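We did not get these values from a lab; they are worked out from the coordinates using the rules stated. Everything numeric here is computed off the predicted structure, so don't read it as measured data. No Cβ is skipped: glycine too gets one built from the backbone with ideal geometry, and neighbour counts run over all protein chains shown.
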Amino acid sequence: MARKSKKGGKQKMEMVRIYIMGKEYKVPAGLTIMKAMEYAGYRYIRGAGCRAGFCGACATVYRKEGDYKLHADLACQTTVEDGMWLVQLPFTPANKAIYDMDKIKADDKTLVNFYPEIARCVSCNTCTKACPQELDVMDYIQASLRGDIAKAAELSFDCIQCGLCAMRCPAEIAHYHVAQLARRLYGKYVAPKARHLEERVKEIEEGKFDEEMKKMMKMSVTQLRKLYNARDIEPEED
Amino acid sequence: MNWLLSKVEELSGENLYACYQCGKCSAGCPMVEEMDLLPNQVILLVKLGDESVVEAKSPWVCAQCYQCGVRCPREVDIAKIMEAIRLIKLRKNIDHIKLENIEKNLPQIAIVSASRKYTG
Amino acid sequence: MDMGYYPGCTLKTNAKVFEDSLLKAFEKIGIKLKELNKWYCCGTVYSLATDNLMYRLAAIRNLIRAKEGGYEKLVAPCSICYNTLKQANLMAKSDEEAMSKINAFMDEEPDYDGSVSVIHPLEVIEAKLQEIKAAVKKPLGKKYAAYYGCLLLRPKEIAIDEYENPSIMERLIEALGGSVVNFPLKNECCGSYNVASNKEAVVDANYRIITNARRNGADAIVTSCPLCHFNLKEMQKEVKKVHPEFAGLPVYYFSELMVEAFGIEKEG
């Protein structure tokens, strides 16, 4: 395909060959997988979300021609390459345990009690290799098995729940659900509490700021603006 | 040579024909009171091609303590044979126990071992 | 020289007292154990099928971590972890075909060649009996039955002592000033993972083992394996439900006895 450049004369656009569910398409190089599939005429009604690498909806599994290695990545973040064989994974069936965060305890058996399948982990590291966020997935599952909630929460922090790990795991673990429980337990029970926040909330509930609030509600926009511009600003720390 | 025998020999690497039914394995087995078939009976049934051994209680209560193997005068490791019989079912993706039904709050070694031996 | 230390999941949870007492006791006799900075569940129990390499990956990966840490020796206190790691190590040394497959599969790791040796703390203790005797401040007064369980002694290739009549733990107890009671069920399996789905097997084994030890005059049972400890200690209440006349016994890890004899103050 050729198109006219602004100076006149033809400028060739580099095209690459990709295979979407087995059918060959030629798409411009430099497009992301998601854009390339749309260029080819596919319309996303599932498996697309933020288009910015954050929501985890566009999980894609692919191989490159001549290479046995199976790759997994997000369609909106990965550029197409010549000889890519693609398939989308818009949904991962995964078992989520039912729990009431207010009623459960955060001890070293909680995670393995709710998700006993994590005991099946064979340390094959396939989950880590599948993760588009390059997280240490096997390590956080091992930490969960060991009851180290803090470590599991820390290592899984950037998980976008795309489901690629869960689909490839031979032990049939749903890693991201385990990690979510770990992070919830960490936030509610393990992380140190922000005491100044608790004190402030108590002060508010006791009515310490009620008078000031009432005064401000009665002020005009000009008065509020004056107050706002004259407020105390903490100096920047070097 | 029947299918069951050849599969068990392949998975365990043991020669079941070496067994001459002396019974030392059954005499030493600590789990024998929970078993429906004695270990030496299990070996014989495999040689006869009787697939009911896979659903008998014996292979599933074996604790893999290796007592049978170290005492066998023909050096047959019966623990490996029990493992092979379990794998015949587990490799069909059929779990022997439901992991969600096991006791809660057990030490991790118990949960990991149970999941290795009883789930596919 | 520092030795690598592999705790295993259970020494960080149910058996924390085993880890704490072992590290304190070893420090007293001048042995430094350094925990591997990254380790994984060893994947007990060792998979026996001839073709099941997947289930051995975890053990090999741990040995690679030990090698990376520069340790020639890896100490694994938990009997089950010791058994799994040692058998996997033997496979790594002898089965070239299996290792070439494992090394090829774990392409993100360096190849492993079987060069780390896996040892049990009791083997370390055996070589240090003189130092242990010298460090004793409060000799143990009671009669102890040393219970080995199965995985420290079998299969023969990994046994830390004579597998029908071991005495390595007895020598430790005597060095600590305790007296030893010999009983025939000292190497009989406690039921192991049957506690997860077949509790009756463990209840029966517990009843037999503890009654036998008591009949031979024991005041307490000493063990090395966290699962034996759990099965023998925590299941005693289940045994009482089936055998009301059953009288239990206290169960200790051998390292707890060392800490007691050395007179090390218990912290927290």
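A quick yes/no check of all residues on (1) within 8 Å of chain C (Cβ to nearest Cβ); (2) touching a Gly at 6+ places or on another chain (Cβ under 9 Å); (3) among the polar types (S, T, N, Q):
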{"site": "A:114", "(1), (2), (3)": "no, no, no"}
{"site": "A:121", "(1), (2), (3)": "yes, yes, no"}
{"site": "A:126", "(1), (2), (3)": "no, no, yes"}
{"site": "A:130", "(1), (2), (3)": "no, no, no"}
{"site": "A:133", "(1), (2), (3)": "no, yes, yes"}
{"site": "A:137", "(1), (2), (3)": "no, no, no"}
{"site": "A:140", "(1), (2), (3)": "no, no, no"}
{"site": "A:148", "(1), (2), (3)": "yes, no, no"}
{"site": "A:154", "(1), (2), (3)": "no, no, no"}
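For the range A:129-165, the tally of residues that are in a helix (DSSP H, G or I), within 25 Å of residue A:46 (Cα to Cα) and of a type outside the set (D, E, K, R) stands at 3. Mind checking which residues of the range B:31-68 are without any contact (Cβ under 8 Å) to a residue 24 or more places away in the chain and under 21 Å from residue C:192 (Cβ atoms)? Within the range B:31-68, B:32, B:33, B:36, B:37, B:38, B:56, B:57, B:66 qualify.
Take the conditions (1) in contact with a Ser or Thr (Cβ under 7 Å, 6 or more places away or on another chain); (2) surrounded by 21 or more Cβ atoms within 10 Å (Cβ to Cβ); residue C:86 misses just one of them, which is (1). Condition first: within 14 Å of chain B (Cβ to nearest Cβ), assigned to a loop (DSSP other than H, G, I, E, B) and closer than 14 Å to residue C:199 by Cα. Can you find one or more residues in the range C:218-233 that meet it? For the range C:218-233, residues within 14 Å of chain B (Cβ to nearest Cβ), assigned to a loop (DSSP other than H, G, I, E, B) and closer than 14 Å to residue C:199 by Cα: absent. Sort through C:174, C:126 and tell me the only one that's free of Cβ contacts under 8 Å to residues at least 40 places away in the same chain, out of contact with any Pro (no Cβ under 8 Å at 6 or more places or on another chain), more than 14 Å from every other protein chain (Cβ to nearest Cβ) and surrounded by 15 or more Cβ atoms within 10 Å (Cβ to Cβ). Exactly one residue qualifies, and that residue is C:174. For residue C:85, state whether it is touching a strand residue (DSSP E or B) at 6+ places or on another chain (Cβ under 6 Å), of a type outside the set (Lys, Arg) and part of a helix (DSSP H, G or I). Spelling it out, residue C:85 is indeed touching a strand residue (DSSP E or B) at 6+ places or on another chain (Cβ under 6 Å), of a type outside the set (Lys, Arg) and part of a helix (DSSP H, G or I). Within the range B:43-63, the set of residues being within 12 Å of the chain's Cα centre (by Cα) and either more than 14 Å from chain C (Cβ to nearest Cβ) or of a type outside the set (S, T, N, Q) (or both) comprises B:43, B:46, B:53, B:54, B:55, B:56, B:57, B:59, B:60, B:61, B:62, B:63. None of C:32, C:16, C:12 is without any contact (Cβ under 8 Å) to a residue 40 or more places away in the chain and farther than 18 Å from residue C:226 by Cα except C:32. In the range C:2-16 there is at least one residue that is surrounded by 24 or more Cβ atoms within 10 Å (Cβ to Cβ), at the interface with another protein chain (Cβ under 7 Å from one of its Cβ atoms) and not in a loop (DSSP other than H, G, I, E, B).
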